[in-house]
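Engineer: Have a look at this one.
The values are calculated or read from the model by the stated rules, or taken from the named source; none is laboratory data. Here the structure is a predicted model, which means the values were calculated and not measured. Heads up, the Cβs are rebuilt from the backbone with ideal geometry, glycines too, and the neighbour counts pull from every protein chain shown. Side chains included, ligands, DNA and RNA excluded: accessible areas come from the protein's heavy atoms. Shrake-Rupley method; radii C 1.70, N 1.55, O 1.52, S 1.80 Å.
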Amino acid sequence: MATGGEPRAAAAAEGGEKRAALLREITEEGGFAFVASAEKAAADGDLRAAEAAREMAWEQLHACPRSEVGRAWRDAYALACLHVAALRVAGGGGDGRRAALRALDMGLIMGGDLLRAELEEAIARVVADRSRGCGGGGGDGAGENGADVEKWMEGLTRKRDLADIKELREDIMVPEYCNAGGGELQKLNAWFGPEGTVTPLHHDLYHNLFAQVLGRKYFRLYSASISNDLYPHRETMLSNISQVDLDNINVNEFPRTGDVEFMDGILEEDVRNPRKT
């Protein structure tokens, strides 16, 4: 007679097989750095490695038109979001749970179908933990965000297309000077990130203009002529991303980076031109 633990064990084994097969597929596509970071996040509980893996997958999602992005990298992004969420929750507190929900939400929006059920289950668990944590008026203030959580869950139960953000596109105006050089606009991206989001050092595969709509972002710029001193990944698919962690440079592994000149600054929203509501 089957016990209550057997179905859970079978589900866990199936999930592990899915993840292992996905990592093998990503390895075959040249994503060695992603696999190394994902495995470190899972084995060691390393949040920085989990965030690095998520950023690598994110870069791959935007390295070509959406229709040309391979299924494996969408699934890889979902896997990285699961790792990030698990480690954020393990960190404890309301901030950790909120960050976990944001990661899981992005995994549903941008990830593939392979791990969708795991993402949905993870959201349900985090929501349940929040509900238990705020009983009797205490907790982390989850009640203030209850409406947002209900929208997430409503989207899951109705099987809505969470990737449909056409309404947002209508709010984005392309300045006329973008056509000054005579070329055509290749891509249009709107980036969202919580406070403290860090993007690994990289160069884009195309020229771009960046505008900050809300909040502020610190930039550090290096000359393209010294790219080798920034130690890009050797894998072809990640060759535009540096291996160096600028917040904690390993001078033994990357001895030339510390002496390289750079320009930096902080880009902020234009407070003189308040957003219309």
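Engineer: With a probe of 1.4 Å, find how much accessible area region 159-271 has per residue, and write the answer as a whole number in Å². Could you put the intermediate results ahead of the total?
Structural biologist: Working: 9300 Å² over 113 residues.
Heavy-atom SASA per residue in region 159-271 reads 82 Å².
Engineer: Residue 66 to residue 259: FRET efficiency via 1/(1 + (r/R0)^6), r the Cβ-Cβ distance, R0 41 Å, to the nearest 0.05? Could you put the intermediate results ahead of the total?
Structural biologist: On the way: r = 40 Å, r/R0 = 0.97.
FRET efficiency, residue 66 to residue 259: 0.55.
Engineer: Which order, highest average first, do 192-204, 36-48, 106-118, 176-188 follow once you tally other Cβ atoms within 10 Å for each residue and take the mean per peptide? Please list the in-between numbers first.
Structural biologist: Numbers: 192-204: 13.3, 36-48: 17.3, 106-118: 19.3, 176-188: 8.9.
Top to bottom by mean Cβ count within 10 Å: 106-118, 36-48, 192-204, 176-188.
Engineer: Rounded to the nearest whole Å², what accessible area per residue is found for region 49-89 with the 1.4 Å probe?
Structural biologist: On the way: 1380 Å² over 41 residues.
So region 49-89 comes to 34 Å² accessible per residue, rounded to a whole number.
Engineer: So for each of 253-262, 70-79 I average, over its residues, the number of other beta carbons within 10 Å; can you give me the resulting order with the highest mean first?
Structural biologist: 70-79, 253-262
Engineer: Which net charge results when you count Lys and Arg as +1 and Asp and Glu as -1 among the other residues whose beta-carbon is under 12 Å from that of residue 198? Display every interim value, and only then the final one.
Structural biologist: Working: positive: 48, 54, 217, 220; negative: 51, 55, 195, 245, 247.
Here the charged neighbours net out to -1.
Engineer: Quick one: which residues, 5 or more positions from residue 202 or on another chain, have an amide H under 5 Å from its amide H? H modelled 1.01 Å from N in the peptide plane, none for Pro or chain starts.
Structural biologist: It is 242, by chain and number.
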